[in-house]
Amino acid sequence: MNEKEQLLINSIYRFARKVLLYRFLGMVSVLSVILLVFWLSVTFADHLFYFSEISRWGLLLIHTTFVVVLFTIFFFKPLRTFLILKKNSDLSSFAREIGQKYLDNDDELVNIYHLITRPGMPGISDELKAAAIKKVCDKYREIDYAARLHIKNYLLSVKILIFSLIGAIALIASQHEIIIHSSKRLLNPANEYLQIPPYTFVVQPGNTRIIQGKKIEFLVRYKGPVLARCQLILDTKKHIQVLPLKKRADGFYGELKDIQHSFTYKIRGTPLY
């Protein structure tokens with residue numbers, strides 16, 4: 001292969017590399033949108049229907065298989081095609097693509113490519129072959145076909161990408177708690193990740209001093225899920241004592257008589273459900 005022929009092959013090779021790179025990036029853009037829509041759809045479906053544990057295990061298996069297939073088709077396969085391309089690879093399809101896109105004669109370049117890369121083709125004299133190759137090489141070897149490629153022709157529509165991104169950001173910003181909670185449940189089906197409902201304890205008397213031998217009364221006002229019981233936990237530094245509090249209309253009540261030692265305390269409520 002002489003210098004002119006090598007320049008022509010190099011030009012086709014650069015074009016092929018750029019085409020495969022843009023195809024890979026285009027596939028990645030499609031994959032990103034599919035995964036984003038898929039993830040948001042599944043998390044909101046879990047929020048609406050609250051899938052059982054066995055359903056989530058099944059979904060995890062299905063989703064894992066689906067994601068593996070998607071990555072194989074849209075990521076690993078085009079990436080491998082790009083990485084294994086060499087100058088001595090068969091560039092016929094790319095030579096034909098150049099002819100169809102940029103040249104008057106669709107087959108001229110691919111035919112010459114075959115003459116260069118497949119020596120000893122029957123029915124063609126060496127003189128005729130050399131003349132044909134020289135003519136085409138002189139005509140096309142200086143043209144940079146790769147520079148004529150534009151990535152926008154290989155990516156998803158810019159409008160689709162922008163709308164998908166804006167929509168996803170809006171959903172994640174407004175519903176991030178739902179999305180995070182459902183994502184955890186779907187990725188780890190063994191855990192329900194139950195959300196703790198809002199509740200408040202208002203405890204009297206709080207931090208206080210009392211004369212030795214006197215009594216102290218506790219009143220706990222509570223807002224939240226129904227409690228099965230409410231307990232007072234005393235810590236005298238020597239031992240811990242757990243005392244039940246009585247239910248009243250205004251909350252929970254308890255008292256300690258004949259106080260002899262200082263102590264700290266906290267309130268513990270056990271939800272009914």
**OP:** Tell me which residues, restricted to the range 143-190, are modelled with pLDDT of 90 or more and basic (K, R).
**Re:** K184, R185
**OP:** Could you check how many residues of the range 250-273 are of a type outside the set (D, E) and either surrounded by 15 or more Cβ atoms within 10 Å (Cβ to Cβ) or within 15 Å of V203 (Cα to Cα) (or both)?
**Re:** 12
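Suppose the filter is modelled with pLDDT of 90 or more and over 28 Å from F94 (Cα atoms); does L59 pass it? If you could, list the steps in order and put the result at the bottom.
On the way: modelled with pLDDT of 90 or more: yes; over 28 Å from F94 (Cα atoms): yes.
Yes, satisfied.
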Original post:
Hey, K247 hits all of (1) surrounded by 10 or more Cβ atoms within 10 Å (Cβ to Cβ); (2) at positive phi; (3) not β-branched (V, I, T) but one; which does it fall short on?
Top reply: (2)
Subject >> Residue tally, condition in contact (Cβ under 8 Å) with a residue 60 or more places away in the chain and of a type in the set (D, E, K, R), over the range 181-240 >> reply: 2
**OP:** Assess whether L128 counts as being in contact with a helix residue (DSSP H, G or I) (Cβ under 6 Å, 6 or more places away or on another chain), hydrophobic (A, V, I, L, M, F, W, C), farther than 26 Å from Y22 by Cα and without any contact (Cβ under 8 Å) to a residue 24 or more places away in the chain.
**Re:** no
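Working only within the range 234-245, note down all residues that are assigned to a strand (DSSP E or B) and over 13 Å from V220 (Cα atoms).
Restricting attention to the range 234-245, the residues satisfying the condition of being assigned to a strand (DSSP E or B) are 234-235, 240-244.
Matches in the range 234-245: L234, D235, I240, Q241, V242, L243.
The values are calculated or read from the model by the stated rules, or taken from the named source; none is laboratory data. Since the structure is predicted, the reported quantities are computational estimates derived from the model, not experimental observations. FYI the Cβ positions are ideal-geometry reconstructions off the backbone, even for glycines, and counts take in every protein chain you see.
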